[in-house]
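Q: Have a look at this one.
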Amino acid sequence: MKEEQIEKLRGVVRDCVSKHLYSSAIFFADKEELKEWDQCLSMLGDARVDEHGNVYDTKDCNVMYLDKDGEDREINISSAICFLRGRAYEALENRAQARQWYKAAINADPLCYEALECLIENHMLACEEDLLACKAEYYHQCGEYHKCFELTSILLEKDPFHLKCTLVHLAAAMELGNSNELYLMACNLVKDYPQKALSWFAVGCYYYCIKKYDQSRRYFSKATSLDGTFASAWIGYGNAYAAQEEGDQAMSAYRTAARLFPGCHLPTLYIGMEYMRTHSYKLAEQFFMQAKTICPSDPLVYNELGVVAYNMKEYNKAVLWFEKTLAHIPSLSQLWEPTVVNLAHAYRKLKMYHEATSCYERALTLSTRSLSTYAGLAYTYHLQDNFTAAITHYHKALWLKPDDQFCTEMLSLAIIDEGRSGIDPKMEFR
């Protein structure tokens, strides 16, 4: 350790002694270690904090804790006390108060990294308040899972102990179905960090990826028991139930996550998905709109709004939401092919056949083996009385799935319709 660092530590010690905080330091360390949060708040007093992080209504005996003056090597007592209040309220699951006290800690000392970390990691900030943005998280949110995985792999090579990056890496690997990577990550994490919730979350991700949902639930549950403020574990727990269509348990997990993490839109989004699965479209739409308010940049939210609008036969709204989905995607990939197909379906319902055909063709550039795309394109041509093109695409659809009832019946009708109308020599073959 350098001499200047040693001198700074000595300065911190002298500062503690000069403020006569011996018993307070011992008390707070003891209460925090023993998790006696109610007693901790009682000793801290009756101070209040507003939404902007301003502390007021403090008693005279507590003024000494709010002294912001001092040299840069001194402990900022105000920031430390505010941060400790936040920790106590968070442990008591009073998220609103915890959020405000963490903000007060940052106001008192902008270098209070612990308070900022609690706000970010526990999703206590609304989107517009976020101060840090991770490129890998951005790629993950936009559905660019390959780019996300590549970036997190590079970052973890440089810093294998970057746990926040590890979480994004696990999420990307799960989306890509990379069970081998999940297995290796889970083994290493459990070996290195057996007491961390992230390690058991990784095990849950592996079992979820290989579709062993009972085991995945067990490990997601273990992660939440180790850290009740781990949002991803709660969501994974709900997803494992949802994968087996156990809606009540899934909703319970999502609601817990939504209550604990008001700044995270994913629990609200998944609640909406569960309502949509049970055909409660109005309720689903309400939750999707809440998710959009929390995170207006997630294309998946707009996609779900489009799907629910389509199911409610509100095709103009569906077109609007699907177009917004595509507008929020940096680059189209096969992942978003269903969105393009859904947009084409909505255009077809509105009898905008040219736009529908264009979207179906666009979808085929993303995935050449999609039954629904060929069937939708064939049906659109059929509605336009372009029977030859319709027959061609019905055949392509049946080549992918020979026993498809819709395409089989519509192919027969298209052949009959073409026979009745006669063959147009100008008809374009596709």
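The values are calculated or read from the model by the stated rules, or taken from the named source; none is laboratory data. Everything numeric in this text was worked out from a predicted model, so none of it was measured. Positions of Cβ are generated from backbone atoms using ideal geometry, with glycine treated the same way; all protein chains shown enter the neighbour counts.
Q: Just give me the residues in the range 265-280 being touching a residue at least 24 places away in the same chain (Cβ under 8 Å) and assigned to a helix (DSSP H, G or I), in sequence order.
A: Correct list: LEU266, PRO267, THR268, LEU269, TYR270, GLY272, MET273, GLU274, MET276, ARG277.
Q: Got a number for residues in the range 226-269 being over 24 Å from ARG99 (Cα atoms) and assigned by TED's automatic domain parsing to the domain that holds VAL307?
A: 0
Q: Can we say LYS211 is of a type in the set (D, E, K, R) and either touching a strand residue (DSSP E or B) at 6+ places or on another chain (Cβ under 8 Å) or not in a loop (DSSP other than H, G, I, E, B) (or both)?
A: No: the conditions fail for LYS211.
Q: Could you check how many residues of the range 254-279 are farther than 11 Å from ALA231 by Cα and in contact with a Phe, Trp or Tyr (Cβ under 9 Å, 6 or more places away or on another chain)?
A: Matching residues across the range 254-279 total 9.
Q: Is at least one residue of the range 217-224 farther than 15 Å from ALA186 by Cβ, free of Cβ contacts under 8 Å to residues at least 24 places away in the same chain and not in a helix (DSSP H, G or I)?
A: So far as the range 217-224 goes, no, none of its residues is farther than 15 Å from ALA186 by Cβ, free of Cβ contacts under 8 Å to residues at least 24 places away in the same chain and not in a helix (DSSP H, G or I).
Q: Let me ask something else about it. Name the pairs: first residue in the range 281-307 and closer than 16 Å to GLN141 by Cβ, second residue part of a helix (DSSP H, G or I) and of a type in the set (S, T, N, Q), Cβ to Cβ under 6 Å, at least 6 apart or on different chains?
A: If the second residue must be part of a helix (DSSP H, G or I) and of a type in the set (S, T, N, Q), the pairs left are ALA291/THR268; ASP298/GLN141; PRO299/THR325; TYR302/THR325; ASN303/THR325; ASN303/THR339.
Q: Give the number of residues within the range 357-399 that are over 26 Å from ILE416 (Cα atoms) and either of a type in the set (Val, Ile, Thr) or in contact (Cβ under 8 Å) with a residue 40 or more places away in the chain (or both).
A: Total satisfying the criteria: 2.
Q: Within the group THR166, THR229, which residue is outside any helix (DSSP H, G or I), in contact with a helix residue (DSSP H, G or I) (Cβ under 7 Å, 6 or more places away or on another chain) and more than 30 Å from HIS279 (Cα to Cα)?
A: THR229
Q: Only one of LYS158, LYS164 is closer than 25 Å to ALA98 by Cβ, surrounded by fewer than 20 Cβ atoms within 10 Å (Cβ to Cβ), at pLDDT below 80 and not assigned by TED's automatic domain parsing to the domain that holds LYS292; which?
A: Exactly one residue qualifies, and that residue is LYS164.
Q: Mind telling me which of the residues ALA309, ALA257, ALA291, ALA250 ends up being among the small types (Gly, Ala, Ser), closer than 28 Å to GLU93 by Cα, part of a helix (DSSP H, G or I) and more than 14 Å from the chain's Cα centre (by Cα)?
A: Criteria check complete, one pass: ALA250.
Q: Could you tell me how many of the residues in the range 328-358 are out of contact with any Leu (no Cβ under 8 Å at 6 or more places or on another chain), over 19 Å from LYS317 (Cβ atoms) and surrounded by fewer than 16 Cβ atoms within 10 Å (Cβ to Cβ)?
A: Count: 4.
Q: Do we have THR278 as under 18 Å from the mean Cα position of the chain (by Cα), among the polar types (S, T, N, Q) and over 21 Å from ALA346 (Cβ atoms) here?
A: no
Q: Could you tell me whether the range 248-264 includes any residue that is in contact (Cβ under 8 Å) with a residue 60 or more places away in the chain and within 23 Å of ALA173 (Cα to Cα)?
A: Yes, some residue in the range 248-264 is in contact (Cβ under 8 Å) with a residue 60 or more places away in the chain and within 23 Å of ALA173 (Cα to Cα).
Q: Inspect all residues belonging to the range 187-202 and state whether any of them is of a type in the set (D, E, K, R), part of a helix (DSSP H, G or I) and surrounded by fewer than 22 Cβ atoms within 10 Å (Cβ to Cβ).
A: Checking the range 187-202: at least one residue is of a type in the set (D, E, K, R), part of a helix (DSSP H, G or I) and surrounded by fewer than 22 Cβ atoms within 10 Å (Cβ to Cβ).
Q: Look at HIS354 and say whether it is within 30 Å of ALA309 (Cα to Cα), outside the structural domain of GLU304 (by TED's automatic domain parsing) and free of Cβ contacts under 8 Å to residues at least 40 places away in the same chain.
A: So HIS354 does not fit the description; no.
Q: Continuing with this model, one more query. Could you check the range 246-262 and list, in sequence order, the residues that are over 17 Å from ASN122 (Cβ atoms) and in contact with a Lys or Arg (Cβ under 8 Å, 6 or more places away or on another chain)?
A: Within the range 246-262, GLY247 is the sole residue that qualifies.
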